[in-house]
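The values are calculated or read from the model by the stated rules, or taken from the named source; none is laboratory data. None of these values were measured; they are calculated from a predicted model. Positions of Cβ are backbone-derived with ideal geometry, glycine not excepted, and every protein chain shown enters the neighbour counts.
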């Protein structure tokens, strides 16, 4: 099929963009001359093209086609894609070839074909269609624009009046709204590749995750596989597990002020909410719950205390510091401290009083996840979350922060037996027996995580390759895979998990 050379004639046909709401196109009649017959969405890859099929009785040999976009009533040449050629397929059918211009990372633009009637001068349009460009890795793209292109330099101060656009895997715009952004993390904030906290101006669903304002972009800088947090979350969401909520997340690409910043994990922030940690949200008069706590050596929240026996650092995440009343603070501090005192009594196992204060299945399943993943940070403790609902017991979870020194070799011991209160709990034979029962129940489900590692690796392979070029890990090798290829690191992680499951199988009876 020969490419047509088109000349200007009586009609001028142009490809123009409109913000095509019903109100925009109501006054512009649909063209009697031609219509688009193929699906109303064109998908372009980096530097490649796609075809729009045009049915018309007009002889396009005598027309000049111009690709234009409309911006506030004025026309200009599009920078995102161009029209390369028009080719006749058969009588009354033409192929309009559109090609990505390689100037933008991702886009989803609504367009129409328009022409002027030479008799009346009236403009006609076809039905709207979309021209989309997927991100080249095949992952959703999170595009962040800050005022005047400012960098995010603070963990404390929100950079307001920022904008967020999210495109799904197909390149379709799935979210477009205003927000604030700031840095997050402790040691992770010191890394070259920064993690971020996002606060939307309005509660919104993001990539099919339930509505909320608060979201997190995990950088996973030290994780060659980029998936340690995801697989830990996957394990904690296993069927039959007692952990009531675990953050959901999606692998994404981040484009920051027009520049690709690499592969990130967009996930839910741990917050009290009906779609997250679903417990009572305290009013000032409420005392007995709900409370969200974090045990962490950073000890950097305003409302915090240390336990009386083991001197553990406990911080109140919610209610927020501006909402927490002195009576509420006193209540939860007393509840935690009394629980620790009950656990350290000489006859605590025989009395069993501690079981009236903590939900033992959640504590056991939390311990199991740490053992399976090889996460030892709860020994510090670090990023250990607990919560208490109104009138309820203290529960362990949600899990958080599994990108550091996890999924390694099969340790030759249970390395979380002394973390937080486990040093006491595992002295109770009934607690040990329950832990063995929980392992037997959950063990078959954990096997599925091996397949999830393979699936995730295939999903993010291109993303991981691009990310490694942007963010080589450097001199830190906490996960033992810095010098490995992506697939070698994935294989090491998968083998480490498989070996760990087998080791626990062999030794769970020795507790």
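Structure summary
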item: Filter result for the condition that a residue is assigned to a helix (DSSP H, G or I), loosely packed, with under 13 Cβ neighbours inside 10 Å and either out of contact with any strand residue (DSSP E or B) (no Cβ under 9 Å at 6 or more places or on another chain) or outside the structural domain of residue 366 (by TED's automatic domain parsing) (or both), over 488, 451, 465; result: 451
item: Any pair with Cβ under 6 angstrom, 6 or more apart, that starts in region 302-316 at a residue that is over 15 Å from residue 384 (Cα atoms) and ends at one that is crowded, with 18+ Cβ neighbours inside 10 Å and at pLDDT below 95; result: none
item: Residues being at pLDDT below 85 and outside any helix (DSSP H, G or I) - total across region 42-80; result: 20
item: Test set (1) assigned by TED's automatic domain parsing to the domain that holds residue 260; (2) out of contact with any strand residue (DSSP E or B) (no Cβ under 7 Å at 6 or more places or on another chain); (3) without any contact (Cβ under 8 Å) to a residue 60 or more places away in the chain - residue 149 fails condition number; result: (3)
item: Any chance residue 102 is on the phi > 0 side of the Ramachandran plot and surrounded by fewer than 17 Cβ atoms within 10 Å (Cβ to Cβ); result: yes
item: Total residues in region 87-116, condition assigned to a strand (DSSP E or B) and modelled with pLDDT of 85 or more; result: 15
item: Any hit, region 224-236, residues being part of a loop (DSSP other than H, G, I, E, B), within 13 Å of the chain's Cα centre (by Cα) and under 30 Å from residue 488 (Cα atoms); result: yes
